Amino acid sequence: MVSPQGHHLPLVAIFTNCTMHNVQSQSLAYSTDGGESWQMYEGNPVLTNPELADFRDPKVFWDEQHQQWIMSLAVDQVIQFYHSSDLKQWTLSSEFGRDLGAHGGVWECPDLFPLKVEGTGLQKWILLVSINPGGPNGGSATQYFIGEFDGKHFRADHTETLWMDYGPDNYAGVTWSDMPSTDSRRILIGWMSNWEYAKDTPTAPWRGAMTFPRELGLQQTEQGIRLTHQPVGEIEHLFLGPSLHHQERKIINKDNLTEQLCLPEHCQIKLHASWQNMASSSWCMAFSSTVGDQLKLTFSLKDNELIIDRSQVSHKINNAMFSNKIHIPIDLTHGIQLTLLKDTSSLELFANDGKSLATLLYFSEEDLTQLHLGINNPNVDFSLHNLEIQPLCSIWHTKSE
């Protein structure tokens, strides 16, 4: 960041410092050259550990209403809130979560921020809390709480556990703070893996990736106010060449929807479909390769559930949990609208205006170049209103660029 006078404004990093004896505390570093170099604050640590094993992951923001800094900190299986006037002296304000939420594992990576409920003037505060293990499909996951924050205390409006993403591979996500004043979006990015098998993923020379950035929102639903997710609009900068369209098409048994073109390695897929007389039926999407790899998504109308089977795309990964079926609750009462981001080894699914979310890795022997849609009952009326396959370019620069 550069001031109008051409000088770099100071930057402050707030982070968890861990000693050789695994004692975690919070420290500061600062930069006066735009982040090129950093100096440790001589008064570190600014928040010492009260002899706890897990005391980490500070997320700090400026509370304009109360003119103070707020720190959210993961402490064992609760979140503690601290306040400060100068980032150097911190006072414990309150604690949250001892009797709420999922407690199958340690709590990590909190994030607290306000959001407006779509179509209203109502503002709510959202608290994100990642947990490992204890996710709805095993291992790592992120839960969220909706409520009020008065500068010291966060109080949730609900008692049920709300999961941000039912897929197994979206963890420790946090949002950008201090977006430009002209941009009111709340944007999140997460770690796209799961601690149950992160060390087993067959990639080299790098390991792991981040999710595509998502814009967060709040919507009023029949179940209450819920968090929504959509890929950020900047994805349009990755659009490559013309898209493939299918419109107003009846699906009978199985159709190969990429019969005119191989499915790109990187693409955005948008689908809108509806059905009649399918109350006890199901339909599926299957991504496949020429050598037998298959990633299968089955939409069960009877159970309002999406079941993902990646047992046939677990190439060179030796972990039993990876092949377990993934269950995602999803409202299929009135049809479906889907946005999917398919990459070389990941699928990010956003359903029904982003109210249902599933992020997952897969590892196929060959590229998944075919997409099939099928129904399990030829006597039902399944209408594919629109399907668009948009190729995406890679963010990695090639030698020719």
**Fill in**
Reported set for the stretch 215-269 where residues are over 25 Å from S281 (Cβ atoms) and of a type in the set (D, E) is E215, E234, E236, E265
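Can you report the number of residues in the stretch 204-222 which are assigned to a strand (DSSP E or B) and small (G, A, S)? Lay out the reasoning, then the answer.
Quick first cut of the stretch 204-222, residues assigned to a strand (DSSP E or B) only: 210, 214-221.
Restricting the remaining residues to those that are small (G, A, S) gives 217.
Final tally of qualifying residues: 1.
Picking from S93, S85, which residue would you name as being crowded, with 17+ Cβ neighbours inside 10 Å, among the hydroxyl-bearing types (S, T, Y) and touching a strand residue (DSSP E or B) at 6+ places or on another chain (Cβ under 9 Å)?
On the way: S85 fails: crowded, with 17+ Cβ neighbours inside 10 Å.
Exactly one of S93, S85 is crowded, with 17+ Cβ neighbours inside 10 Å, among the hydroxyl-bearing types (S, T, Y) and touching a strand residue (DSSP E or B) at 6+ places or on another chain (Cβ under 9 Å), namely S93.
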**Prompt:** Counting only residues that are more than 15 Å from the chain's Cα centre (by Cα), crowded, with 16+ Cβ neighbours inside 10 Å, hydrophobic (A, V, I, L, M, F, W, C) and more than 17 Å from F61 (Cα to Cα), how many does the stretch 118-144 have?
**Reply:** 0
**Message:** Yes or no: the stretch 326-345 includes at least one residue that is more than 15 Å from L295 (Cα to Cα), among the hydrophobic types (A, V, I, L, M, F, W, C) and touching a helix residue (DSSP H, G or I) at 6+ places or on another chain (Cβ under 8 Å).
**Reply:** no
**Prompt:** Under the condition of being under 24 Å from I330 (Cα atoms) and either of a type in the set (D, E) or part of a loop (DSSP other than H, G, I, E, B) (or both), which residue from the stretch 223-234 is farthest from the chain's Cα centre (by Cα)?
**Reply:** Q223
**Item:** Selection count, the stretch 322-342, where residues are surrounded by 15 or more Cβ atoms within 10 Å (Cβ to Cβ) and in a helix (DSSP H, G or I)
**Value:** 1
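Determine which member of the set F363, F382 is touching a helix residue (DSSP H, G or I) at 6+ places or on another chain (Cβ under 9 Å) and either crowded, with 22+ Cβ neighbours inside 10 Å or modelled with pLDDT of 95 or more (or both). Outline the logic, then answer.
On the way: F382 fails: touching a helix residue (DSSP H, G or I) at 6+ places or on another chain (Cβ under 9 Å).
Result of the check over F363, F382: F363.
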**Asked** Which members of the stretch 184-214 meet the condition of being at pLDDT 95 or above and among the charged types (D, E, K, R)?
**Response** R185, R186, E196, R214
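The values are calculated or read from the model by the stated rules, or taken from the named source; none is laboratory data. Nothing here was measured: the structure is a model prediction, and the numbers come from that model. Note that each Cβ is placed from the backbone with ideal geometry, even for glycine, and that neighbours are counted across all protein chains shown.
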